[in-house]
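Reading through the structure tokens given below for one structure.
The values are calculated or read from the model by the stated rules, or taken from the named source; none is laboratory data. None of the values given here were measured: they were computed from a predicted structure. Positions of Cβ are backbone-derived with ideal geometry, glycine not excepted, and every protein chain shown enters the neighbour counts. Side chains included, ligands, DNA and RNA excluded: accessible areas come from the protein's heavy atoms. Shrake-Rupley method; radii C 1.70, N 1.55, O 1.52, S 1.80 Å.
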Amino acid sequence: MEKITLGSKPMIYPMPVTLVGADVAGKPNFMTIAFIGIVNMNPAMVAMGANPSHLTCKGIAENGTFSVNLPSAKMLEVTDYVGLYSGEKKDKSGLFKVFRGMTKTAPMIEECPLNLECTLIQKLSFGGTDDIYIGEIVQTFCGEEFMTSGKPDVEKMGTFVFTMNDNRYFSLGKAIGKAWSDGKKYKIK
Ligand SMILES: Cc1cc2nc3c(=O)[nH]c(=O)nc-3n(C[C@H](O)[C@H](O)[C@H](O)COP(=O)(O)O)c2cc1C
């Protein structure tokens, strides 16, 4: 296979699509974030790369809390809107029905199937475009209708993913295997 070099690109394809929320001067604000992932099992922790000039980042700095909300494909347009316009220019506080958990200052989106309530553990700045925000997930909320046998079910949630540079959103396909299980059938050639 011939390989074409593309330079230094932030390409882990596809990327998750999330809505990250924080209170700014007592009002909820949200930004769309794709540079995000789980980085520790116990305690459950998340890390995201975000430009500190975003209004939501100012809210995270203000309260030391934030939320990570997973939108369904039905919410694609509002999710893109949140990522297109800053709360500095357009008031995004009324876009969603907001609920709160134990931290009180991490606004979570009722319409999203899954919500993570987080406290900021550390912010790393290294002179790049983005800072790295590391949060502990202190609580996880899932709408009952999106669960099967007591577990969040991604097929019911209808979450979607994103590819950068070509700027496209994709829905997820069907489940194709079982983790920590299918590898047992593998035969070394
Ligand atoms: C699909 C998508 C993914 C994005 N991912 C990120 C990201 O990972 N990090 C980031 O800093 N900004 C990201 N953005 C841009 C912010 O969401 C955008 O600048 C937003 O308007 C900031 O809002 P705020 O200023 O109200 O906080 C993304 C935007 C879109 C549309």
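Across segment 28-34, in residue order, what do the Karplus-derived ³J(HN,Hα) couplings come to in whole Hz, using 6.51 cos²θ - 1.76 cosθ + 1.60 with θ = phi - 60° and x for Gly and Pro?
Rounded to whole hertz, the list is x, 9, 9, 10, 7, 9, 10.
In whole Hz, what ³J(HN,Hα) sequence does segment 71-86 give by Karplus (6.51, -1.76, 1.60; θ = phi - 60°), x for Gly and Pro?
x, 8, 4, 4, 9, 4, 5, 5, 5, 5, 4, 4, x, 8, 10, 7
Which trypsin sites (Lys or Arg not before Pro) does segment 136-185 hold that lie in a coil by DSSP with at most 13 other beta carbons within 10 Å?
Lys174, Lys178
Dipole magnitude of segment 15-185 about its Cα centre, charges +1 at Lys/Arg Cβ and -1 at Asp/Glu Cβ only, in debye to the nearest 20?
In debye, rounded to 20, segment 15-185 gives about 240.
Roll a 1.4 angstrom probe over the protein heavy atoms and tell me the percent of accessible area of the chain that is carbon or sulfur.
That fraction is 57 percent.
Given N residues in the chain, what is its alpha carbon radius of gyration divided by 2.2 N^0.38 Å?
Taking N as the residue count of the chain, the ratio is 1.09.
Where only protein heavy atoms count, and the probe is 1.4 Å, what is the accessible area per residue for segment 101-189 in Å²?
Roughly 69 Å² per residue, with all protein chains present.
In the full protein assembly as shown, how much of Leu55 is accessible to a 1.4 Å probe, in Å² to the nearest 10?
Leu55 exposes around 30 Å² with every protein chain in place.
Calculate for the chain the 222 nm mean residue ellipticity that helices alone would give, adding -39,500 (n - 2.57) per DSSP H run of length 4 or more and normalising by residue count, nearest 500 deg cm²/dmol.
About -3000 deg cm²/dmol.
Listed here are the pairs Lys74/Lys123; Lys27/Lys89; Lys27/Lys58; which of them are more than 22 Å apart at the Cα?
Lys74/Lys123
For the chain, modelled as a Gaussian network with Cα springs under 10 Å, which listed residue fluctuates most, Thr148, Thr163, Thr56?
Maximum among the listed residues: Thr148.
Return the loop-located chymotrypsin sites (Phe, Trp or Tyr not before Pro) in segment 25-86 (DSSP other than H, G, I, E, B) with at most 16 other Cβ atoms within 10 Å of their own Cβ; answer none if there are none.
Sparse-neighbourhood loop chymotrypsin sites (Phe, Trp or Tyr not before Pro): Tyr85.
Determine the shape class of segment 58-150: with a ≥ b ≥ c the square roots of the Cα gyration tensor eigenvalues, call it rounded for a/c under 1.5, and otherwise prolate if a/b is greater than b/c, oblate otherwise.
oblate
Which of these, Thr159, Thr129, Thr105, has the largest mean-square fluctuation under a Gaussian network model of the chain (Cα springs below 10 Å)?
Most flexible of the set in this elastic network: Thr129.
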